[in-house]
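The values are calculated or read from the model by the stated rules, or taken from the named source; none is laboratory data. Owing to the predicted nature of the structure, the values given are computational and were not obtained by experimental measurement. Glycine gets a Cβ as well: all are built from the backbone with ideal geometry, and neighbour counts include every protein chain shown. Ligands, DNA and RNA are excluded from the accessible area calculation, which covers all protein heavy atoms including side chains. Shrake-Rupley method; radii C 1.70, N 1.55, O 1.52, S 1.80 Å.
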Amino acid sequence: MNLTAQLMESALKALDRKLNTPVRLIIGGGGAMILAHHFPLATTDIDGIPGVGMSAEELDPYIKEVARELNIPSDWLNPYYVTFTHVLPKDYSSRLKQVFGFSNLTVEALSMDDLLIMKCFAGRMKDQPHAKALIRSGAHIKFVENHIESLKKLGIPGADKALDFLDEVMDTV
């Protein structure tokens, strides 16, 4: 089931109503591309990690309640992209874009540059159109390339493949 921007917003509003404490959610992936950067994409979930207020484990029961109420998949909001957050630049939070500010839930999205870095590290075939769209829309290629090269020098696993992915995408843009 694809989540539209409208359905994602409805689900996030429903989540906000369940919270009794302020939570800051940082989203990436296709959800961020749709909600923050207005790309006309299809996605099946929102990749998000709580930045402040609650852990992913504490948030999970609320996510599942919203899924039941709206009849959407139970992992409509999931922390799967956390496996790639270690490759983000240390100052990525200075580039976050606020998407929603509800009563208890604030939703911020990664910048196009930071999304491109993560897409390069994910390196899946399905990430190529997203990476191309980010580049065509103004992601800073030199910034992304320099950052991945610095990770390669630090011996971060996957940096070689991320650079190869970026090169492949650049060859076809």
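Check Lys64 against each of (1) modelled with pLDDT of 95 or more; (2) touching a Leu at 6+ places or on another chain (Cβ under 8 Å); (3) not in a strand (DSSP E or B) and name the one condition it does not meet.
(2)
Write out, first by first residue and then by second, each pair whose Cβ atoms fall under 6 Å of each other, whose residues are 6+ apart or on separate chains, and whose first residue, in the range 111-134, is touching a residue at least 12 places away in the same chain (Cβ under 8 Å) and of a type in the set (Lys, Arg) while the second is open to solvent by less than 20 Å² (accessible area, probe 1.4 Å) and assigned to a helix (DSSP H, G or I).
If the second residue must be open to solvent by less than 20 Å² (accessible area, probe 1.4 Å) and assigned to a helix (DSSP H, G or I), the pairs left are Lys119/Asp127; Lys119/Ala131; Lys132/Val169.
Please give the helices (runs of 4 or more DSSP H) falling wholly within the range 86-173 in which 2 or more residues are open to solvent by 50 Å² or more (accessible area, probe 1.4 Å). So that I can check it myself, show each step before the final result.
Working: elements: 112-122, 128-136, 141-153, 159-171.
Ranges flagged: 128-136, 141-153, 159-171.
Could you list all residues from the range 20-30 that are open to solvent by 10 Å² or more (accessible area, probe 1.4 Å) and not in a helix (DSSP H, G or I)? If you could, list the steps in order and put the result at the bottom.
Of the residues in the range 20-30, the ones open to solvent by 10 Å² or more (accessible area, probe 1.4 Å) are 20-22, 24, 29.
Matches in the range 20-30: Asn20, Thr21, Pro22, Arg24.
Looking at Met33, Met54, which is the one that is surrounded by 14 or more Cβ atoms within 10 Å (Cβ to Cβ) and in a loop (DSSP other than H, G, I, E, B)? Show your work before the answer.
Numbers: Met33 fails: in a loop (DSSP other than H, G, I, E, B).
It is Met54.
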